[in-house]
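*Asks:* After the structure tokens below, expect a handful of questions from me.
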Amino acid sequence: MIEEAVSYIEGKLSDYNLFDELVRQVEKDFRMSVDTSITFTADTPSKLVYEVYNELHKIISMTTVAKFSSLLYRIDIAEKEIKAIHSVDIEDYLKQVTYIILKREFQKVYIRSTL
């Protein structure tokens with residue numbers, strides 16, 4: 001699933017020059033929902049995917065479920081997408097959530113850039 005997230009971002013970003021905006025959007029949503037000190041320094045899609053995954057792992061293990069829910073709400077992830085994840089393994093679950101988050105964040109950046 002991590003490879004799919006990287007492939008998705010690389011595929012979309014090859015057509016558009018929006019990587020920096022994507023990183024800023026992800027950082028903004030994480031900061032507003034979870035912790036104002038969160039920083040993303042990724043300079044490649046694969047680094048961004050791993051940074052998001054690691055941040056999600058920290059959120060799940062060190063904060064409340066409310067912070068995680070707040071993040072999903074802020075990013076505008078449909079509840080049905082999260083409920084559709086049928087994984088009992090937390091690592092696999094977070095990989096799928098990472099993909100969903102980055103896909104939605106790219107959509108937001110792309111739509112804003114075309115308006």
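The values are calculated or read from the model by the stated rules, or taken from the named source; none is laboratory data. Keep in mind that this is a model prediction, so the values were computed, not measured. Quick reminder, even Gly has a Cβ in these numbers, built from the backbone with ideal geometry, and neighbours come from all protein chains shown. Heads up: the accessible areas ignore ligands, DNA and RNA and are worked out on the full protein's heavy atoms, side chains in. Shrake-Rupley method; radii C 1.70, N 1.55, O 1.52, S 1.80 Å.
*Asks:* Once you keep just the Cα pairs under 8 angstrom separated by 6 or more residues, what percentage relative contact order results for the chain?
*Replies:* Details: 95 pairs, mean separation 45.0, N = 115.
This gives 39 percent for the chain.
*Asks:* Another question, if that's okay. Leaving out ligands and nucleic acids, note down the accessible area per residue over the chain with a 1.4 angstrom probe, in whole Å².
*Replies:* Averaged over the residues of the chain, the accessible area is 58 Å².
*Asks:* Under the rule of -39500 (n - 2.57) per DSSP H run of 4 or more residues, summed and divided by the residues of the chain, what mean residue ellipticity at 222 nm is obtained, to the nearest 500 deg cm²/dmol?
*Replies:* Working: 6 runs with 88 residues, N = 115.
Theoretical 222 nm ellipticity from helices: -25000 deg cm²/dmol.
*Asks:* While we're on this one: Would you tally the net charge around residue 37, using a Cβ to Cβ cut-off of less than 15 Å, leaving residue 37 out, and scoring K and R as +1, D and E as -1?
*Replies:* Net local charge, residue 37 excluded: -1.
*Asks:* Could you work out what % of the accessible surface of the chain is carbon and sulfur, using a 1.4 angstrom probe and leaving DNA, RNA and ligands out of the count?
*Replies:* Values: 3430 of 6640 Å².
In the chain, the share of accessible area belonging to carbon and sulfur is 52 percent.
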